[in-house]
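J.: Below is a structure I'd like to ask you about.
Read-outs: derived from the displayed coordinates by stated rules, not from any lab. Nothing here was measured: the structure is a model prediction, and the numbers come from that model. Here the Cβ is made from the backbone with ideal geometry for all residues, glycine too, and neighbour counts use every protein chain on show.
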Amino acid sequence: MPAPRSLAITSGKGGVGKSCAALNLALALARRQQRVLLVDADLGLGNLAILLGQSPVRTLEEVLSGRCPIEAAVLEGPEGLVLLPAASQLLPWRPAALTTTGLAPLRSFEAQFDFVLVDTGAGLAPKVLDFAAAADQLLLLTTPEVTSIADAYALFKVLLQRRPDLEAGLLVNMAESATEAAELHEKFGQMVRRFLGAEIDNRGYIPLDRYVREAAKRQIPFALATPPPPATKALSRLAEGLAEERPALAPQGFFAPLWRQFLSFGSPAGPTVSEESA
Ligand SMILES: Nc1ncnc2c1ncn2[C@@H]1O[C@H](COP(=O)(O)OP(=O)(O)OP(=O)(O)O)[C@@H](O)[C@H]1O
Ligand SMILES: [Mg+2]
């Protein structure tokens, strides 16, 4: 079964624009005839359905627990985008559906897509690391703020310990200018090379754009606005690069590697998930 390419959008610091970037990148890819499954993996704090003005009935937590088939949880978004929402409250869950028998339907569902984009929570908690490290590629977000850069570095370091082969790129959000973004890419790349012995691709930048905030308030993705605001143009370039490039390693999809992360780095019934039975 062919596996889709999976890309996790993540950050060390919260509120840097992951959910906005994930949703609008997904739409930019969908506009390029890519079939995209967007997974909201910010457990208990799902935002993507809200940003689309939708109310989920079933959620990722229930799908992973085996309480609901994935087909019943996904929502249809604009441009043919398919969204698997997360709950907006703490739901007890266990990765029961990821065990060998439950995994097959998830793998065959994701096989219909070209890309699985995963919007994670922020920080270094196991529930963030499990989801971020499961993807084929990582899109690490930071703003030019020094605390955001430090947290992005700290997260990347931990993720490399789990996945030394991780193919990662840095996306600068809320940049005041192209020069500011270019300098940040240069410095971050040097730091990563020198202290972590790793490489990180330059995935460009999204300018600080007041329209992004306005669109979020109106629950309409800015990628759908005409004329396209500067942030849309930046994400279109990123989508074009992603759609045209061939990944270095064969895509593994998302759900099977997620299960491997749970097995390798934490007990599935342990601290990463609720102890309450599903
Ligand atoms: N390029 C941008 N220009 C201006 N505002 C932006 C930009 N990108 C994101 N924002 C705003 O920043 C805020 C945080 O965005 P978002 O919710 O996407 O961040 P997040 O990283 O997903 O947060 P969390 O860590 O809580 O999940 C929102 O109000 C959003 O509208
Ligand atoms: Mg978010």
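J.: Between the range 129-199 and the range 62-125, what's the alpha-carbon centroid distance in Å?
T.: Computed from Cα coordinates, the inter-centre distance equals 25 Å.
J.: What is the extension gain from residue 111 to residue 76, computed as 0.36 nm multiplied by their sequence separation minus the C-alpha to C-alpha distance, in nm to one decimal?
T.: 10.9 nm
J.: Now for a different question. Taking H placed 1.01 Å from N in the peptide plane, check which residues at least 5 places from residue 82 or on another chain put their amide H under 5 Å from its amide H.
T.: 36, 38, 77
J.: Before anything else, pin down the relative contact order of the range 7-162: Cα pairs under 8 Å, at least 6 apart, normalised by residue count, whole percent.
T.: 38 percent
J.: For the chain: lysine pairs with Cα atoms under 29 Å, gap of 8 or more or different chains, count?
T.: Summing the qualifying lysine pairs gives 16.
J.: Which helices count as membrane-span-like in the chain under these terms: full DSSP H, at least 18 Å along the axis by C-alpha, Kyte-Doolittle mean of -0.5 or more?
T.: TM-like helix candidates: 18-31, 146-162, 230-244.
J.: Efficiency by 1/(1 + (r/R0)^6): what FRET value for residue 182 and residue 103, r their Cβ-Cβ distance, R0 = 35 Å, to the nearest 0.05?
T.: My answer for the efficiency is 0.25.
J.: Magnitude of the Cβ-charge dipole of the range 157-278, K/R +1 and D/E -1, about the Cα centre, nearest 20 debye?
T.: Once rounded to the nearest 20, the dipole reads 100 debye.
J.: Name the long-range amide H neighbours of residue 11: under 5 Å, sequence gap of 5 or more, or other chain; modelled H, no Pro or chain starts.
T.: 123, 141
J.: Label residue 57 and residue 264 with points 7 Å out from Cα along Cα→Cβ: what is the distance between them in nm?
T.: It is 3.8 nm.
J.: Return the sequence-ordered ³J(HN,Hα) values of the range 84-92 in whole Hz as given by the Karplus equation 6.51 cos²θ - 1.76 cosθ + 1.60 applied to θ = phi - 60°, using x for Gly and Pro.
T.: Whole-Hz 3J(HN,Hα) from phi for the range 84-92: 9, x, 9, 5, 9, 7, 6, 10, x.
J.: Full extension from residue 225 to residue 194: what is 0.36 nm times the residue separation minus their Cα-Cα distance, to one decimal in nm?
T.: 7.0 nm
J.: Which percentage, to the nearest 5, of the DSSP beta bridges contained in the range 5-265 is antiparallel?
T.: 5 percent
J.: Moving on. Could you state the number of Å between the C-alpha centres of the range 212-252 and the range 1-19?
T.: 13 Å
J.: Work out the length of the dipole vector of the chain about its Cα centre, built from +1 on the beta-carbon of each Lys and Arg and -1 on the beta-carbon of each Asp and Glu, and round it to the nearest 20 debye. Before the final figure, lay out the partial values.
T.: Numbers: 26 positive and 29 negative charges, 9 e Å.
Result for the chain is approximately 40 debye, rounded to the nearest 20.
J.: Okay, next question. Considering just Cα atoms, how many Å³ per residue does the convex hull of the chain enclose?
T.: Looking at the chain, the number lands at 116 Å³ per residue.
J.: Of the listed peptides 88-100, 38-50, 139-151, what is their order by residue-averaged count of other C-beta atoms within 10 Å, with the highest listed first?
T.: Listed from highest to lowest mean packing, they are 38-50, 139-151, 88-100.
J.: Additional query: At residue 218 and residue 237, where each label point lies 7 Å from the Cα along Cα→Cβ, what is the point-to-point distance in nanometres?
T.: 2.5 nm
J.: Taking a ≥ b ≥ c as the square roots of the eigenvalues of the Cα gyration tensor of the range 65-224, is the shape rounded (a/c under 1.5), prolate (a/b larger than b/c) or oblate? Mind showing how you got there, number by number?
T.: On the way: a/c = 2.14, a/b = 1.37, b/c = 1.56.
Taking the square roots of the gyration eigenvalues as a ≥ b ≥ c, the range 65-224 is oblate.
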